[in-house]
1. Would you point out the residue of the range 133-172, among those that are under 27 Å from Ala103 (Cβ atoms) and charged (D, E, K, R), that is modelled with the highest pLDDT?
2. Just give me the residues in the range 140-156 being among the charged types (D, E, K, R) and closer than 17 Å to Ile171 by Cα, in sequence order.
3. Looking at the range 30-38, can you tell me whether even one residue there is closer than 15 Å to Ala237 by Cβ and polar (S, T, N, Q)?
4. Filter the range 38-68 for residues that are at negative phi and not in a helix (DSSP H, G or I) and give the result.
5. In the range 102-109, is there at least one residue being touching a helix residue (DSSP H, G or I) at 6+ places or on another chain (Cβ under 8 Å), farther than 23 Å from Leu309 by Cβ, of a type in the set (Val, Ile, Thr) and modelled with pLDDT of 95 or more?
6. Please work out which residue is nearest to the chain's Cα centre (by Cα), limiting yourself to the range 299-312 and to residues that are exposed (fewer than 14 other Cβ atoms within 10 Å of the Cβ) and at negative phi.
7. Out of Ala266, Ala238, report the one residue that is over 17 Å from Trp110 (Cβ atoms), modelled with pLDDT under 95 and buried (at least 17 other Cβ atoms within 10 Å of the Cβ).
8. Is it the case that Ala85 is touching a residue at least 60 places away in the same chain (Cβ under 8 Å), under 19 Å from Phe315 (Cα atoms) and assigned to a helix (DSSP H, G or I)?
Amino acid sequence: MLRTMPKPDSSAVRPAAPPLVPGWAIPRGQVASDAEAAFLAGAALTSLDNLVRAEPLWAGAWRQRLALKCAVAAVELAGRTEDEAELRDAWHLRAAHSDPGPAGNLLVAWRRLAGRAPRLSPEELRAVAGLLGLRWSEEFAALPERLDELARSAHPAPLVAAAIIAEVQQIRPEASLLGWWLADRVLAARLRWSLPVPLLMAQVPGPAFRAANGRGRVRAGDQGFERAVCVALALAAAEACRLAGEIAPPAARLIEVAPKLRAKGAGEVVQLLLADDAVSGTLQTRDLTRWGARRLFERLTALNAVRELSGRASFRLYGL
C-alpha cells in the first residue's frame, strides 16, 4: 500500500545520508577464514539493518531496484539472456494482467519478495515456484514451516540463509533459484525486518562464490559454502547501501518539489515514484491523462527530481 505523502519539512526533505558499509567491512579478494567472513558479514549487515529500520520514504523504490538486479542474475542462472532494460520493459510495458513471459516472471518473483512480509504461506510458495518455472513437488510443502524454524533458531543470520539454500538444493537440484529466493526471506525473518531486502541472488554470478583455486564455483553442499554466503552478504549489503545513497538525493528532491506540482494527480505519481523502480511515462489514473502524465514527467525531469530510464523517445520509463 502506498504511503500518504507528508508535508515536506526540513527533516523530511534533507534527511541524513543513508548509512554506508565501512570500507574495512567490504571483502577485498579471497577471504581466508570462516571467522573473517562472519565478521565482515556481521559488520556489513549492521549498516544495512540501520538503513532498513530507518524506513525511508523511498524504501519501496530501493527494494524494487534491488529486486530487478536479483532478477537479472536469476535470468543468467536460468540460461537466458534478458538484461535489466528488457526485464524492466517486460514488467512495466506489459498489458494489464498479461503474462510477462518466462524472464518477466522471474522479475515478478523477486518483486513479490521485496513487497511482502517474511512469513511464507504454502499457497504463496506454490505461486512463487510456478513463477520460477518449477514443477510443484510435495517435498516443497514443508519449507514454510522449516523457514519458521530457522528464523526462530539461535543460528547467525548468514548461516540460516545458507542452510535453506542447501536444503532446497538437496530436495531438488534444479530448484536452486527457489533456494536463493527463500534465503532472503528467511534472512529478513531472522533479522526481524518487516519486509525482505533482495540481496543474495545478485551475488551468485560474482566473486563471492568463486572457488579458492580460481577454478569453478562454490555450490551448496561444497566445503566453504557457508563462508561464501557470508562474503556474498557482506558484498550485497555494501551494494544495497551504496544504491540507497544514489536514490536518497533524488528522492529528497522529489519530496521537496512535490508541493510545487500543480497537475491533478501529481501526488499519486510522486508516491508511485517513491514506491517503485520505475513508472510508465504514459501512466493513466482517475485524475491524470496520458498527456498530463507526459507533461508532469517533463516537469519533474527539468526539476532534477526523476530521470528517464529507458533511453527511448517513446514508451518512456521514469524513476529515481
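The values are calculated or read from the model by the stated rules, or taken from the named source; none is laboratory data. Just so it is clear, the structure is predicted and the values come from calculations on it, not from any experiment. Because the Cβ atoms are built from the backbone with ideal geometry, glycine has one as well, and the counts that use them run over all protein chains shown.
1. Only one residue tops the list, namely Glu167.
2. Those that are among the charged types (D, E, K, R) and closer than 17 Å to Ile171 by Cα: Glu145, Arg146.
3. No, there is no match, as no residue in the range 30-38 is closer than 15 Å to Ala237 by Cβ and polar (S, T, N, Q).
4. Pro56, Leu57, Trp58
5. Looking through the range 102-109, none of the residues is touching a helix residue (DSSP H, G or I) at 6+ places or on another chain (Cβ under 8 Å), farther than 23 Å from Leu309 by Cβ, of a type in the set (Val, Ile, Thr) and modelled with pLDDT of 95 or more.
6. Selected residue: Arg307.
7. From the options Ala266, Ala238, the qualifying one is Ala266.
8. So Ala85 fits the description; yes.
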